[in-house]
Amino acid sequence: MSKMKTIFKDYSVLMSYPMGTTDNHMETYFAWETATTPERAVALARHQVPAVQHHEVAAEDMAVLLVIEGHHETIFNVNDDI
């Protein structure tokens with residue numbers, strides 16, 4: 001009888017805050033997670049959001065914009081004009 005080995009992978013997760021909580025502009029949260037599935041990475045990332053930890057935003061209200069395998073650097077500085 002062989003045991004199945006649990007495989008963890010690195011993920012980058014980009015989410016946005018609900019519009020009503022950000023003075024009507026898009027604000028994002030970017031996280032690196034290590035998880036068994038992309039769905040688990042999203043769940044872990046949602047609970048790392050400071051607003052969720054302070055009960056200002058419900059975790060499920062964080063909209064997922066992108067989940068990609070690997071720990072990726074952000075492409076641009078969110079404070080830059082684009």
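What follows is calculated from the coordinates using simple rules that are stated; it is not laboratory data. This one's a predicted model, so the numbers in the text were calculated from it and none came from an experiment. As a convention, Cβ positions derive from the backbone with ideal geometry for all residues, glycine included, and neighbour counts pool all protein chains shown.
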Obtain the nm distance between the two label points defined at Glu69 and Glu56 by a simple spin-label model: each point lies 7 Å from its Cα along the Cα-to-C-beta direction.
3.6
Using the 2.2 N^0.38 Å rule of thumb for compact globular proteins, work out how the chain stacks up: its C-alpha Rg over that value, please.
1.26
What is the magnitude of the charge dipole of the chain about its Cα centre, with +1 placed on the Cβ of each Lys and Arg, -1 on the Cβ of each Asp and Glu, and no other charges, expressed in debye to the nearest 20?
660
Just to be sure I follow the definition: excluding the sites themselves, where is the longest run in the chain that has none of the GluC sites (Glu not before Pro) in a DSSP loop with at most 16 other Cβ atoms within 10 Å?
28-55
Specify the inter-centroid distance of segment 49-71 and segment 1-44, based on alpha-carbon positions, in whole Å.
7
Length released on extending from Thr36 to Lys3, taking residue separation times 0.36 nm less the Cα-Cα span
10.3 nm
Can you list residues whose amide H is under 5 Å from Glu27's amide H, if they're 5+ apart or on another chain and H is modeled 1.01 Å from N?
Tyr17
